[in-house]
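To keep things clear, I will list the structure first and then write my remarks on it.
The values are calculated or read from the model by the stated rules, or taken from the named source; none is laboratory data. Owing to the predicted nature of the structure, the values given are computational and were not obtained by experimental measurement. Don't worry about glycine lacking a Cβ; one is built from the backbone with ideal geometry, like all the others, and counts go over all protein chains shown.
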Amino acid sequence: MTEILKQANPVAALKGLPEGDLPQLAEELRDVIVKTVAQTGGHLGSSLGVIELTIALHRVFTTPNDKIVWDVGHQAYAHKLLTGRYDRFHSLRQLDGLSGFPKREESPHDCFNVGHASTSISAALGMATARDAMGGNGRVVAVIGDGSLTAGLAFEGLNQAGHLKKNLLVILNDNEMSISPNVGALSSFFSRQLTSDFFVRLKRETEHFLDSVPKIGKDLRRLAKKAEEAVKGFLTPGMLFEAFDFDYVGPINGHKLDELIQTLENITNMDGPVLMHVVTKKGKGYPPAENNPPLYHGVGPFDPVTGEVKKGSSNAPSYTSVFGSTLVEAAELDDRIVAITAAMPEGTGLRTFAERFPKRFFDVGIAEQHAVTFAAGMATQGLRPVLAIYSTFLQRAYDSVLHDVCLQNLPVSFALDRGGLVGADGPTHHGAFDLSYLRHIPNMVFMVPRDENYLRHAVVTALGYDGPFAYRYPRGSGTGVEPQSPCPITIGRGEVLRNGKDGVIFAVGVLVSEALAAAESLAGEGLDFTVVDPVFLKPLDHDLLVAEAVRTGFVVTAEENALQGGFGSAVLELLSEAGVNVPVRRIGLPDKFIEQGSQQELRARYGLDAAAIVKTVKQAMAEGRLPMEQSGR
């Protein structure tokens, strides 16, 4: 079967493959995916769970004329293999390799770029509407997981889809709900029969007949509809989707190819929006992933035989774990503290908090906007909510942060994990914009800890502040500093970490250590640079930064954030307002979406390290930006 995957157009071969060979193809796909992800890391469990569904979709539909929109996209590895990317699959999530998510630039079979949850229904409905406007004939399919249905965006899409009555198929990939064998088998049989040509035609003809009965026809049809809904509601959970004017089909066993293919073929003969409910098992076919779905949802490199995840080389604790343990310590002393996550208790380090304080922990599902406003409501009543969330996901709740928290000046703490470059997940997951999109909001305090101890200080400082407070920290291990007890620190006060006379480097977060290393390197060449950690992005330490800029006469700023509107921009604004005119060089991320790659590779590529800071200073000297007497020449 691997020979099929090696072909330039595997989906064409798939359509001609005898049905009895399809299970073997599924096993081949599992084998390739497990062996590849064992080397590259990636979203394993979700992709293994939809292999049969992916085969059935490509057996029945013909992409790219037909469109398949994968919600989030971390379940699309089999789709990539079946659409001609076997020869590049070894580069999955690697620098300059295949993206871990569907990407339009990568293949015409990827019709929509994804990475954040709950976008598929809206995007697919847009495609179906455009198809009808342009006179096209392709089918449009959205594949969405049950977790993604916790977001309001998904329901907004369902609502309009039911209103527009477009030919659209939404497949609910349910890998959490448990359905007993009897009910599941009966319901599966029932749904396949309801989608057959005979029953669809019978239903339509009956409706036309009832409508034609004088005076009482409409009442009879309404009664028949209620009877149908009662039967389907008794056997299936479909009444919710019927309320959105979708025809509901399911639940279907997502690992039985014959049932999937037959049902999909039947659905192609139905008009209007249809929701097909498919039940799958995360990690299907690979026991370690089946037994521990959270670990293998997004996993690093592992031993494919034993499933043992390979440990990193650093002995320092992760920033995520430091945050989690510090919050637990604080909550032991203050019962007003509550923790909120948007479907990521493990990823944000809140699992221990949830176990220790189950009544004070809230997982709202993939609903970031709700999470923020939920926290705001709690804060109005005297609680101290901490929302732990990835930087890239808080982008989805910008208006709630501004309108519901900051406008009311409420004491909500935003713990922004994965600030800066995150690595192999790529542009949809880099926390490259938080310094820009939060610093300009009135009432917000924003701290950027440089190491584990300052993260601990940030947690308790935020909890003691009577207003909105954000702190961002990177993915991965800390610097390995000697642990300190957390204590509140003075808001808006920076620190001079190294004194020099030839220039000053203002650096925040992970680039503080790089700035110190650069200063030492420059010292070896006769240049003496000050290094300042402002500690807070907002408010900046106005007096300290202005004084050092004036004293040294040359400023370099360093941040792991987009340069537009970020820390360097804040320094430029501060110096301009103070009337200070000195050369300023900014180091940060360029005006583009950053591709996937390891954090180290990307920092080297975009100049976010000590060598880049040294290079910036030398370029300034070569261009005459640094006065000769200051350059040591």
Checklist line | Breaking point among (1) part of a loop (DSSP other than H, G, I, E, B); (2) touching a residue at least 40 places away in the same chain (Cβ under 8 Å); (3) touching a strand residue (DSSP E or B) at 6+ places or on another chain (Cβ under 8 Å), for L95 | finding: (3)
Notebook entry, point to check: Out of A397, A379, which single residue is in contact with a strand residue (DSSP E or B) (Cβ under 9 Å, 6 or more places away or on another chain), assigned by TED's automatic domain parsing to the domain that holds E332, more than 30 Å from L98 (Cα to Cα) and part of a helix (DSSP H, G or I)?
Noted result: A379
Next item on the list: Being in a helix (DSSP H, G or I) and among the basic types (K, R) narrows it down to one of R551, R493, so name that one.
Entry: R551
Item checked: Failed criterion for L98 (all others in (1) within 25 Å of G285 (Cα to Cα); (2) surrounded by 22 or more Cβ atoms within 10 Å (Cβ to Cβ); (3) among the hydrophobic types (A, V, I, L, M, F, W, C) hold) -> (2)
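What do you reckon, is R88 of a type in the set (D, E, K, R), part of a helix (DSSP H, G or I) and under 24 Å from E259 (Cα atoms)?
Values: of a type in the set (D, E, K, R): yes; part of a helix (DSSP H, G or I): yes; under 24 Å from E259 (Cα atoms): no.
Taking the combined requirement at face value, the residue does not satisfy it.
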Next item on the list: Looking at (1) polar (S, T, N, Q); (2) out of contact with any strand residue (DSSP E or B) (no Cβ under 6 Å at 6 or more places or on another chain); (3) more than 30 Å from Q39 (Cβ to Cβ), find the lone condition where S513 falls short.
Entry: (3)
Item checked: Unmet requirement for P488, which otherwise passes all of (1) in contact with a helix residue (DSSP H, G or I) (Cβ under 8 Å, 6 or more places away or on another chain); (2) buried (at least 16 other Cβ atoms within 10 Å of the Cβ); (3) closer than 26 Å to G324 by Cα -> (2)
Next item on the list: Return a yes/no flag: does region 137-159 have any residue that is over 23 Å from the mean Cα position of the chain (by Cα) and assigned to a helix (DSSP H, G or I).
Entry: yes
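Return yes or no: is Y471 within 30 Å of A316 (Cβ to Cβ), in contact (Cβ under 8 Å) with a residue 40 or more places away in the chain and part of a strand (DSSP E or B)?
On the way: within 30 Å of A316 (Cβ to Cβ): yes; in contact (Cβ under 8 Å) with a residue 40 or more places away in the chain: yes; part of a strand (DSSP E or B): yes.
Judged against the criteria, Y471 is a match.
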Next item on the list: Under 6 Å between Cβ atoms, at least 6 apart or on separate chains: pull out the pairs that start in region 352-374 with a residue that is of a type in the set (S, T, Y) and end on any residue that is modelled with pLDDT of 95 or more.
Entry: T352/G324; T352/V328; T373/S400; T373/D404
Check: Any chance region 538-547 includes a residue that's more than 21 Å from D451 (Cβ to Cβ), without any contact (Cβ under 8 Å) to a residue 60 or more places away in the chain and in a loop (DSSP other than H, G, I, E, B)?
Finding: no
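Taking region 454-491, which residues are over 23 Å from P411 (Cβ atoms) and over 30 Å from the mean Cα position of the chain (by Cα)? Outline the logic, then answer.
We begin by selecting, within region 454-491, every residue over 23 Å from P411 (Cβ atoms); these are 474-484.
Scanning region 454-491 gives E482, P483, Q484.
Search region 408-439 for residues being more than 24 Å from the chain's Cα centre (by Cα) and not hydrophobic (A, V, I, L, M, F, W, C), and hand back the single one that is surrounded by the most Cβ atoms within 10 Å (Cβ to Cβ). Can you show your working first?
Pass one, region 408-439, residues more than 24 Å from the chain's Cα centre (by Cα): 408-411.
Going one step further and asking which of them are not hydrophobic (A, V, I, L, M, F, W, C), we end up with 408-409, 411.
Values: Q408: 14, N409: 14, P411: 23.
Across region 408-439, the extreme among qualifying residues is P411.
Conditions (1) closer than 23 Å to S513 by Cα; (2) surrounded by fewer than 19 Cβ atoms within 10 Å (Cβ to Cβ); (3) in contact with a His (Cβ under 6 Å, 6 or more places away or on another chain); (4) assigned by TED's automatic domain parsing to the domain that holds A612, marked per residue:
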| site | (1), (2), (3), (4) |
| --- | --- |
| N561 | yes, no, no, yes |
| G568 | yes, no, no, yes |
| V580 | no, yes, no, yes |
| R586 | yes, yes, no, yes |
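Residues R93, R131, R104, R59: which one is on the phi > 0 side of the Ramachandran plot and either over 18 Å from the mean Cα position of the chain (by Cα) or charged (D, E, K, R) (or both)?
Numbers: R131 fails: on the phi > 0 side of the Ramachandran plot; R104 fails: on the phi > 0 side of the Ramachandran plot; R59 fails: on the phi > 0 side of the Ramachandran plot.
Within the list R93, R131, R104, R59, the selection yields R93.
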Check: Mind checking whether some residue in region 376-388 is closer than 17 Å to V322 by Cβ and modelled with pLDDT of 95 or more?
Finding: yes
Next item on the list: For L53, indicate whether it is of a type outside the set (F, W, Y) and buried (at least 22 other Cβ atoms within 10 Å of the Cβ).
Entry: yes
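Okay, residues lined up against (1) assigned to a loop (DSSP other than H, G, I, E, B); (2) at pLDDT 95 or above; (3) over 21 Å from E520 (Cβ atoms):
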| site | (1), (2), (3) |
| --- | --- |
| V556 | no, yes, no |
| G565 | yes, yes, yes |
| S576 | no, yes, yes |
| G588 | no, yes, yes |
| K592 | yes, yes, yes |
| L602 | no, yes, yes |
| I613 | no, no, no |
| K618 | no, no, no |
| Q630 | no, no, no |
